[in-house]
1. Here are some residues: THR110, THR127. Which one is touching a helix residue (DSSP H, G or I) at 6+ places or on another chain (Cβ under 7 Å) and either assigned to a loop (DSSP other than H, G, I, E, B) or without any contact (Cβ under 8 Å) to a residue 12 or more places away in the chain (or both)?
2. Got a number for residues in segment 19-35 being not aliphatic (A, V, I, L, M) and not in a helix (DSSP H, G or I)?
3. Could you list, in sequence order, the residues of segment 39-82 that are modelled with pLDDT under 75 and small (Gly, Ala, Ser)?
4. Starting from residues that are exposed (fewer than 12 other Cβ atoms within 10 Å of the Cβ) and in a helix (DSSP H, G or I), keep the ones in segment 36-62 and report whichever is nearest to the chain's Cα centre (by Cα).
5. Residues being open to solvent by 70 Å² or more (accessible area, probe 1.4 Å) and either of a type in the set (D, E, K, R) or closer than 24 Å to LEU91 by Cβ (or both): count how many of those fall in segment 7-25.
6. If you check LEU72, LEU77, LEU67, LEU16, which single one turns out to be more than 22 Å from ALA6 (Cα to Cα) and in a helix (DSSP H, G or I)?
7. Does segment 99-107 include one or more residues that are under 31 Å from the mean Cα position of the chain (by Cα) and closer than 17 Å to ALA156 by Cα?
8. Return the only residue of ARG49, ARG18, ARG25 being out of contact with any strand residue (DSSP E or B) (no Cβ under 8 Å at 6 or more places or on another chain) and within 24 Å of THR83 (Cα to Cα).
Amino acid sequence: MLLRLAYLSVTNALALLRLLPMSDRDKDAEILVLRHQITVLERQLHGDRVRFTPADRAWLAALLRPLPRTVLRHLRLLVSPDTVLRWHRDLIARRHARRSRPHRVGRPRTVRSIRRLVLRLARENPTWGYRRIHGELLVLGVKVAASTVWEILKDAGVEPAPERTSSTWAAFLRSQAHAIIAADFFARRPP
């Protein structure tokens with residue numbers, strides 16, 4: 001489209017240079033000829049619409065935009081003046097949308113320090129899953145989604161939800177032995 005628009009700009013600039021030495025009488029005659037050609041073209045189309053390329057639309061919108069609506073209504077155009085104004089609005093909206101579009105699409109990357117912290121918590125606490133790590137991060141004041149913790153662990157090759165092995169009674173009693181013994185000594189016996 002840009003190449004076509006550049007071509008139209010150059011050809012119309014050359015046409016403007018051709019019009020400068022012409023007298024008003026010659027210009028009026030050319031306008032009448034062009035209007036007659038438009039009438040013939042409309043008659044041959046039998047009510048079908050003329051198809052404009054985006055470059056043609058942009059060029060017509062740029063040329064006709066400075067003219068007031070009253071002048072546009074009296075011009076003999078293949079499209080209505082409201083259509084030309086809509087083309088101009090669309091052209092401006094596309095330009096604004098292109099400028100305001102973010103340069104990088106998708107979610108922003110997680111900060112490197114958060115990634116290191118998640119991996120450290122997973123390494124130091126191998127039985128913790130991603131939800132527990134997420135909860136600990138929230139306690140530390142780090143706001144990150146649980147799905148982000150999942151992705152960080154998955155990308156590092158760490159299982160996000162490790163298999164929980166059921167512990168035996170012997171392992172449980174061994175880990176709680178000091179508390180059980182303390183409870184036995186300090187328990188009050190009935191008289």
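The values are calculated or read from the model by the stated rules, or taken from the named source; none is laboratory data. Being a predicted model, the structure only gives us computed values, none of them experimental. Every residue, glycine among them, receives a Cβ derived from its backbone with ideal geometry; neighbour counts consider all protein chains shown. To get the accessible areas, we keep the full protein, side chains included, count just its heavy atoms, and leave off ligands, DNA and RNA. Shrake-Rupley method; radii C 1.70, N 1.55, O 1.52, S 1.80 Å.
1. Details: THR127 fails: touching a helix residue (DSSP H, G or I) at 6+ places or on another chain (Cβ under 7 Å).
Step by step, each of THR110, THR127 is checked, and only THR110 is touching a helix residue (DSSP H, G or I) at 6+ places or on another chain (Cβ under 7 Å) and either assigned to a loop (DSSP other than H, G, I, E, B) or without any contact (Cβ under 8 Å) to a residue 12 or more places away in the chain (or both).
2. From segment 19-35, those not aliphatic (A, V, I, L, M) are 21, 23-28, 30, 35; that's our starting set.
After this cut, where a residue has to be not in a helix (DSSP H, G or I) as well, the list is 21, 23.
Within segment 19-35, residues that are not aliphatic (A, V, I, L, M) and not in a helix (DSSP H, G or I) number 2.
3. Residue satisfying the conditions is GLY47 alone.
4. Out of the qualifying residues, it is LEU45.
5. The qualifying residues number 7.
6. Numbers: LEU77 fails: in a helix (DSSP H, G or I); LEU67 fails: in a helix (DSSP H, G or I); LEU16 fails: more than 22 Å from ALA6 (Cα to Cα).
Among LEU72, LEU77, LEU67, LEU16, only LEU72 is more than 22 Å from ALA6 (Cα to Cα) and in a helix (DSSP H, G or I).
7. So the first thing to find is which residues in segment 99-107 are under 31 Å from the mean Cα position of the chain (by Cα), and the list is 99-107.
If we keep only those that are closer than 17 Å to ALA156 by Cα as well, we get none.
No, there is no match, as no residue in segment 99-107 is under 31 Å from the mean Cα position of the chain (by Cα) and closer than 17 Å to ALA156 by Cα.
8. Numbers: ARG18 fails: within 24 Å of THR83 (Cα to Cα); ARG25 fails: within 24 Å of THR83 (Cα to Cα).
Every option except ARG49 fails the conditions.
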